[in-house]
Amino acid sequence: MDSSPQAELLTLIVPVYNEHENFPRLVEQVERDIPQPFRLLMVYDFDGDTTVPVARELAATRPWMSLVHNTLGRGPANAIRAGFQAAGSGPALVVMADLSDDLRCVPEMLRLYREGNRVVCASRYMRGGKQVGGPLLKRTLSRMAGLSLYYLAGLPTHDATNNFRLYDADLVNEMGIESERGFEIGLELTAKAYARRERIAETPSTWTDRTAGESRFQLWKWLPLYLRWWRHAMKAGWSRPPAPSK
Ligand SMILES: Nc1nc2c(ncn2[C@@H]2O[C@H](COP(=O)(O)OP(=O)(O)OP(=O)(O)O)[C@@H](O)[C@H]2O)c(=O)[nH]1
Ligand SMILES: [Mg+2]
């Protein structure tokens, strides 16, 4: 049996919270920008979520799409954790349903994964990447976190906090996920992978603020959680042996 990474099926993990307006457009974009084969797992927290009926209808004619009920506890981190458990192994791409992520970089992300990288970041803060809109304070903190880790800790990405990211699902399930609340989960996984010396790569990507639905990002509540993983990545960088001198 061929068990090379090339043979592994791509899983898209899409956490949703009342995204009935955006989800059908996300499916259009997925079909347009991501070459088959892949499967899409839409992860919702409760039966009354407005995305559920819309997604059921779309899934009826799309065998590659299914709905996953997150029973690990509410919130995006638990939803993503439930998605990884359902994904099992192989490449798993976390993608938001708010249409903020540009899916045209997915083929390049997959190529970098198949080259042996176990975490592939879509990067807003590297050359060629971009961020359009969004609250100024959140944007500034996120950029500062990313650039400080890149320049001071040697993290191989300029954008440690973007959650639109491709992972090796086995790696994630092996490392485990401690985040229980918000989107610090992306920073947690990248910090842990870096501490383990796993291969991490990045590719430029444009993030655009949502135009429909509501943001659920809770900056002040989640900031201490982000700081914990920022420190973890910093420490991992400082404890690395220095690069050999030329
Ligand atoms: N299952 C689940 N999904 C969620 C939850 N909160 C947000 N999401 C989904 O996660 C994705 C991103 O959520 P947003 O609230 O836009 O957060 P964000 O993109 O980090 O932040 P913004 O910059 O404010 O847009 C969307 O697909 C949401 O529907 C939640 O509590 N449970
Ligand atoms: Mg958003």
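At-a-glance table
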| item | result |
| --- | --- |
| Any hit, region 134-154, residues being small (G, A, S), within 16 Å of ligand 2 (Cβ to nearest atom), on the phi > 0 side of the Ramachandran plot and at pLDDT below 95 | yes |
| Spans of strands (runs of 3 or more DSSP E) in region 163-246 with at least 3 residues open to solvent by less than 30 Å² (accessible area, probe 1.4 Å) | 165-168, 200-204 |
| Residue ID - nearest to ligand 1 (Cβ to nearest atom), chosen from residues in region 154-177 that are hydrophobic (A, V, I, L, M, F, W, C) and touching a residue at least 40 places away in the same chain (Cβ under 8 Å) | F164 |
| Residue identified as buried (at least 16 other Cβ atoms within 10 Å of the Cβ) and part of a strand (DSSP E or B) among A122, A145 | A122 |
| Complete set of residues in region 47-74 that are within 15 Å of I13 (Cα to Cα) and either under 20 Å from the mean Cα position of the chain (by Cα) or in contact (Cβ under 8 Å) with a residue 24 or more places away in the chain (or both) | T51, A55, W64, M65, S66, L67, V68, H69, N70 |
| Region 99-123, residues that are within 16 Å of ligand 2 (Cβ to nearest atom) and more than 13 Å from the chain's Cα centre (by Cα) | L99 |
| The lone exception for A160 - which of (1) assigned to a loop (DSSP other than H, G, I, E, B); (2) within 16 Å of ligand 2 (Cβ to nearest atom); (3) of a type in the set (A, V, I, L, M, F, W, C); (4) open to solvent by less than 10 Å² (accessible area, probe 1.4 Å) it fails | (2) |
| Unmet criterion (only one of (1) more than 25 Å from G176 (Cβ to Cβ); (2) open to solvent by less than 10 Å² (accessible area, probe 1.4 Å); (3) within 13 Å of ligand 1 (Cβ to nearest atom); (4) not acidic (D, E)) for L99 | (2) |
| Of all residues making up region 93-114, the number that are among the polar types (S, T, N, Q) and either over 21 Å from Y226 (Cα atoms) or in a helix (DSSP H, G or I) (or both) | 0 |
| Residue match in region 45-54 (condition: under 28 Å from T190 (Cα atoms) and modelled with pLDDT of 95 or more) | yes |
| Any hit, region 53-73, residues being within 16 Å of ligand 2 (Cβ to nearest atom) and either farther than 23 Å from L110 by Cβ or of a type in the set (F, W, Y) (or both) | no |
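Results for (1) in contact (Cβ under 8 Å) with a residue 24 or more places away in the chain; (2) over 22 Å from Y151 (Cα atoms), shown as yes or no for each residue.
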residue	(1), (2)
S179	yes, yes
L189	yes, no
Y194	yes, no
P204	yes, no
F217	yes, yes
W220	no, yes
R231	no, no
G237	yes, no
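The values are calculated or read from the model by the stated rules, or taken from the named source; none is laboratory data. None of the values given here were measured: they were computed from a predicted structure. Heads up, the Cβs are rebuilt from the backbone with ideal geometry, glycines too, and the neighbour counts pull from every protein chain shown. Protein only, heavy atoms only, side chains kept; ligands, DNA and RNA dropped before computing areas. Shrake-Rupley method; radii C 1.70, N 1.55, O 1.52, S 1.80 Å.
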